[in-house]
Amino acid sequence: MESSSNAASLLEIKSSVTTGFMEASMKIPSIKDVVSDVPFKLLVGPDHKAFYISVGVFAGVASSSRVLRVLITEKLREGLADRVATWDDIDEKTFRILCEVAYTGKYSIFEPGKPPPRIPGRPGTHLAKMAYGVTGDSHDRPTLLEMSNIPSPGPNLAREFLSTYMGMLAGDRMASQYGLLRTHEAEDRSERILQHIRMYILGAKYDIRGLLALSLFNLLQDLANFKDTWDDVPNLAEVVRLVYGNIPEGDGMRDLIAMYFACKIQDLDHHPAMKFVRSEYPAFTSDLLSFVIRRLDRPIV
């Protein structure tokens, strides 16, 4: 784990916002672009669900991605008569969000007022109940922002996390352009976090720099304000699987996620889902331990 260099790699991603996000990497189309361009048919996912999109509009997303440029231009030349291309390795939900990015420069995830899915089960042991403060349905944990203000005998890792990563948002052009991602009370924030990670992975896979910056921006907002519950832990474990199963070593996203979990591990680790994911991904466990050690008031020798 190389925390400083990995944090720097995330700062480089963020810099794509301030060095031309709107002008180059993901240009928002004009109304004229939308209504005058001829649409083409894109067959998405293993079931080849048909979508009709504008070549010109989608080119903004594809401008930094050689793979997508090939998909959109060369594939269309091959089948110019019917203007059809196929994109197998993306699911429909992620593609819909990518289309929203192409047309608006931002994305949303849930419909307002949609109730969050709840996973059955509550902590069964007295220790776990104490950790999650379970009294009926009241089992929210404090946010990182709240934890950063709690007095600590040793280093306050939540405060360090916010200082390291949330500074990316301060005074940012993206923040002023798009504002904070709106969150409805009924939304399941752990599912939102999962989708931000999926969008980040998509951006990394196809080198869509603007999407990397946008998904990172949205992820940081949700992590800082997330009140995790017992029901959220399986989704958080899936975050680890996505990051450590799809993002290579050296990408700063690994350290970001490991540091977040280290801030809350004494509560999250009561859930079986966390125990399973620690055994599945030794690299995550190693990174997690490095950050947990930093929480101690003196180094281990």
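The values are calculated or read from the model by the stated rules, or taken from the named source; none is laboratory data. As the structure is a computational prediction, the values presented were derived from the model and not from experiment. All Cβ positions, glycine included, derive from the backbone under ideal geometry; neighbour counts span all protein chains shown. All accessible areas refer to the heavy atoms of the entire protein, side chains included, with ligands and DNA or RNA removed. Shrake-Rupley method; radii C 1.70, N 1.55, O 1.52, S 1.80 Å.
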Selection within segment 192-211 - assigned to a helix (DSSP H, G or I), open to solvent by 10 Å² or more (accessible area, probe 1.4 Å) and of a type outside the set (Phe, Trp, Tyr): 198, 201, 202, 204, 205, 209
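Of 255, 231, which residue is among the charged types (D, E, K, R) and modelled with pLDDT of 90 or more?
Criteria check complete, one pass: 255.
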Helices (runs of 4 or more DSSP H) wholly inside segment 84-170 containing at least 1 residues that are at pLDDT 85 or above and among the small types (Gly, Ala, Ser): 157-165
Test: residue 30 is modelled with pLDDT of 65 or more and polar (S, T, N, Q): yes
Out of 243, 239, sole residue that is at pLDDT 95 or above, part of a helix (DSSP H, G or I) and closer than 20 Å to residue 145 by Cβ: 239
Residues that are part of a helix (DSSP H, G or I), small (Gly, Ala, Ser) and open to solvent by 20 Å² or more (accessible area, probe 1.4 Å), drawn from segment 247-301: 279, 283, 286, 290
